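Derivation of every value follows stated rules applied to the coordinates shown; laboratory data play no part. The shown structure was predicted, so the numbers you read here are calculated from the model rather than taken from an experiment. Ideal geometry is used to build each Cβ from the backbone, glycine not excepted, and the neighbour counts take in all protein chains shown.
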Amino acid sequence: MNFFCRILGHTWTHRTEDPKVSWNTGKDLVQLHPTASGEIRLYLQCHRCGERKDNPTREELKAVNN
Ligand SMILES: [Zn+2]
């Protein structure tokens, strides 16, 4: 753990993980159409040390101001 994180606590920031996008040709066979699979995942990551908190609670998300 980062020295400052140990003293001051983590500085959480909101992060999102984009769903995997697969590109498929449509019926016209010219344009590529993105198809998102899965949901966008929201997680918290410490700004300083990069520690990651998956599946944060609603309260934890609310406590992060950014
Ligand atoms: Zn940290």
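Restricting the search to the range 22-40, which residues are hydrophobic (A, V, I, L, M, F, W, C) and not in a strand (DSSP E or B)?
The answer is LEU29, VAL30, ILE40.
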In the range 41-62, residues that are hydroxyl-bearing (Ser, Thr, Tyr) and either within 9 Å of the ligand (Cβ to nearest atom) or not in a loop (DSSP other than H, G, I, E, B) (or both) total 1
In the range 28-66, anything within 12 Å of the chain's Cα centre (by Cα) and surrounded by fewer than 10 Cβ atoms within 10 Å (Cβ to Cβ) is listed as GLU39, ILE40, ASN55
Apart from one, (1) within 16 Å of the ligand (Cβ to nearest atom); (2) in contact (Cβ under 8 Å) with a residue 24 or more places away in the chain all hold for GLU17; the odd one out is (1)
**Prompt:** Going by the structure shown, is THR25 polar (S, T, N, Q), under 20 Å from the mean Cα position of the chain (by Cα) and on the phi < 0 side of the Ramachandran plot?
**Reply:** no
